[in-house]
Amino acid sequence: MDVISVIRTKRDRGELSDEQIDWVIDAYTRGTVADEQMSSLAMAILLNGMNRREIARWTAAMIASGERMDFSSLARPTADKHSTGGVGDKITLPLAPLVAACGAAVPQLSGRGLGHTGGTLDKLEAIPGWRALLSNEEMLNVLNDAGSVICAAGDGLAPADKKLYALRDVTGTVEAIPLIASSIMSKKIAEGTGSLVLDVKVGTGAFMKTLDDARELASTMVGLGTDHGVRTVALLTDMSTPLGLTAGNALEVRESVEVLAGGGPADVVDLTLALAREMLAAAGLPDADPAKALADGSAMDVWRRMIAAQGGDPDAPLPVARETHTVTAPASGVLTRLDAYDIGVAAWRLGAGRARKEDVVQAGAGVELHAKPGDSVVAGTPLLTLHTDTPERFEYALKSLEGAYDVAPAGTEFSARPIVLER
Ligand code: URA
């Protein structure tokens, strides 16, 4: 087998055979296919697509590139969720302990943020002492002790994806549905969860800008999960405006703790509960009541145990940025649009995210919203507060907010998009 013939097959709109797929994934993982050759193949796949058989085989080859985890020793059924990424998407933080409080075991392998979407691990690292890197044994211990664990995927899990995702990130080949679906599902299947709920984001702040693309990604991933014996469900959820009232690491931890304490913004609570119900049903616990577990403090108890088991201090004050800048409403009326992408870019430019993998994020940086679409605003009163340790970033962040919001005259009809668009 040679790589040039594999690239030519896809370049010329052909179908890759099972043998070609197995060979190229294995050779790339071992380093005998070079980055420039794999990036050429990734671009051919982005332009010409793959059919269901090719995607299934590609996913299986990426799973086979590494180890598979085994949670069969746990007494509880396992449930996991994956979000395709959005702005202010802190849902994993309250969701994992909530579902654990209702009786499932939640092994949540998460990632770091790159670009305008935040990463769950970056958020949790705002908590003093908290550790993302756990050995497999430590991960099982936290799961057994607390019921949920949120940690980084080890190097042994789908190493082909680790290498390929880093390459796609710098070669303009992330936005290909076959590559996104196989990347996400290879890690989730290798992780060994029994059930999986996918939160596929749709809107300006998401990879998928249209419902049609989101449906295709969701159905591809559900098919892959089901074929591998993982009970998989997908919700399509709105990402045209940020989730909740914060985008930024410590800011989002604070908001998540508010949700666990029974408060927090309605959209975050609603989405957390919708995903929790799906996870519990998929795990065979349809009668569990997540609203009760939020209200009676049992989800908060799991959160505190989980954070402490990973070295964090759940009572420690969260980092606060050194400087703030207030953006005021330009007119009085109804806020009709607050763009998720623009807010995400502003938070990133303030230091909440990274431009390169090796960048260090600021724990306190980000954007706080004082109104959401549909709210009334008064000219000159605060609309957004920008937070950063490095005030020279304000100017650059403010540029991304030009055109990020619309205020219409008081009395203008406004109908909010529901948070869950489709199942
Ligand atoms: N998240 C992943 O893990 N992989 C992708 O390709 C895109 C988002």
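Quick note: the coordinates plus some simple rules give every number you see, no bench work behind them. Here the structure is a predicted model, which is why all the values come from computation and not from measurement. Cβ coordinates were reconstructed from backbone atoms using ideal geometry, including for glycine residues, and neighbour counts include every protein chain displayed.
Which three lengths, in whole Å and largest first, does region 66-145 cover when its Cα atoms are put on their principal axes?
Dimensions of region 66-145 along the principal axes of its Cα atoms: 38, 29, 25 Å.
Looking at Leu41, Ala79, Met69, which one has the Cα that reaches farthest to the positive end of the dipole of region 29-79 (charges on Cβ: Lys, Arg +1; Asp, Glu -1)?
The Cα lying farthest towards the positive end belongs to Ala79.
Which of the peptides 383-392, 346-355 is most tightly packed, and how do the rest follow, judged by the mean count of other Cβ atoms within 10 Å per residue?
Ranking the peptides 383-392, 346-355 by packing returns 346-355, 383-392.
How big is region 19-99 on each of its three principal axes, counting only the C-alpha atoms and giving the largest first in Å?
For region 19-99, the Cα extents along the three principal axes come out at 44, 35, 25 Å.
Which residue, Val367, Val149, Val170, tops the fluctuation ranking in a GNM of the chain built on C-alpha contacts under 10 Å?
Of the options given, Val170 has the highest mean-square fluctuation.
In whole angstrom, note down how far apart the Cα centers of region 358-423 and region 126-186 are.
The two parts, judged by their Cα centres, are 29 Å apart.
Region 20-34 to region 208-230: how many Å between their Cα centroids?
Here the two parts' Cα centres lie 26 Å apart.
Percent relative contact order of the chain, based on C-alpha pairs within less than 8 angstrom and at least six residues apart?
20
Go ahead and collect, in residue order, the members of region 291-317 whose backbone nitrogen is under 20 Å from a label point 7 Å along the Cα-Cβ direction of Glu138.
Flagged as within label range: 303-316.
Using a/c under 1.5 as the rounded threshold, could you call region 3-49 rounded, prolate or oblate? The axes a ≥ b ≥ c are square roots of the C-alpha gyration tensor eigenvalues, and prolate needs a/b larger than b/c, oblate otherwise.
oblate
Relative contact order of region 323-408, please, whole-number percent, based on alpha carbon pairs below 8 angstrom and at least 6 residues apart.
49
Would you please calculate the Kirkwood hydrodynamic radius of the chain over all C-alpha pairs and express it in Å, rounded to one decimal?
Over the chain, the inverse of the mean reciprocal pair distance is 22.1 Å.
Gaussian network model of the chain, Cα springs within a sub-10 Å range: biggest mean-square fluctuation belongs to which of Ser219, Ser186, Ser195?
Ser219
Charges only on Cβ, +1 for Lys and Arg, -1 for Asp and Glu: so what's the dipole of the chain about the Cα centre, in debye to the nearest 20?
340
Report the charge-dipole magnitude of region 23-94 in Debye, nearest 20, computed about the Cα centre from +1 at each Lys and Arg Cβ and -1 at each Asp and Glu Cβ.
For region 23-94, the charge dipole is close to 300 debye.
With angles folded into 0 to 90 degrees, how steeply does helix 18-30 sit against the dominant principal axis of the chain? Use alpha carbons for both and round to 10.
70
Using the Karplus curve 6.51 cos²θ - 1.76 cosθ + 1.60 with θ = phi - 60°, what ³J(HN,Hα) values do you get for each residue of region 157-174, in whole Hz, with x for Gly and Pro?
Rounded to whole hertz, the list is 8, 6, x, 4, 5, 4, 5, 6, 5, 4, 5, 4, 4, 9, 10, x, 10, 6.
Taking a virtual spin label 7 Å from the Cα of Glu323 along the C-beta vector, which residues in region 385-414 bring their backbone nitrogen under 13 Å of it?
386-398
What residue among Gly244, Met185, Gly147 has its Cα farthest toward the positive end of the dipole of the chain, where the charges are +1 on Lys, Arg and -1 on Asp, Glu, each on the Cβ?
Farthest towards the positive pole: Met185.
What are the ³J(HN,Hα) couplings of region 87-98, residue after residue, when phi is run through the Karplus curve with 6.51, -1.76, 1.60 and θ = phi - 60°? Round to Hz, x for glycine and proline.
For region 87-98, the Karplus curve yields 9, x, 7, 9, 4, 4, 5, x, 5, 4, x, 5 Hz.
Any idea how far the Cα center of region 102-122 sits from the one of region 246-271, in Å?
Rounded to whole Å, the Cα centres lie 15 Å apart.
Do you know the relative contact order of region 3-49, to the nearest whole percent, from alpha carbon pairs under 8 angstrom that are 6+ apart?
51
To the nearest 20 debye, what charge dipole does region 54-204 have about its Cα centre, counting +1 at the Cβ of each Lys and Arg and -1 at the Cβ of each Asp and Glu?
Dipole of region 54-204, to the nearest 20 debye: 220 debye.
For the chain, take the longest principal axis of its alpha carbons; what is the angle in degrees between that and the long axis of helix 298-309, to the nearest 10 within 0 to 90?
For 298-309 against the chain, the angle is about 60 degrees.
Distance in nm between label sites at Asp212 and Arg417, each 7 Å beyond Cα in the beta-carbon direction?
Inter-label distance under the simple model: 1.6 nm.
So what's the angle, to the nearest 10 degrees on a 0 to 90 scale, between helix 249-260 and the longest Cα principal axis of the chain?
That works out to roughly 80 degrees.
For the peptides 11-18, 83-90, 27-34, what is the packing order when you average, over each peptide's residues, the other Cβ atoms within 10 Å and list the highest mean first?
The packing order, highest mean first, is 83-90, 27-34, 11-18.
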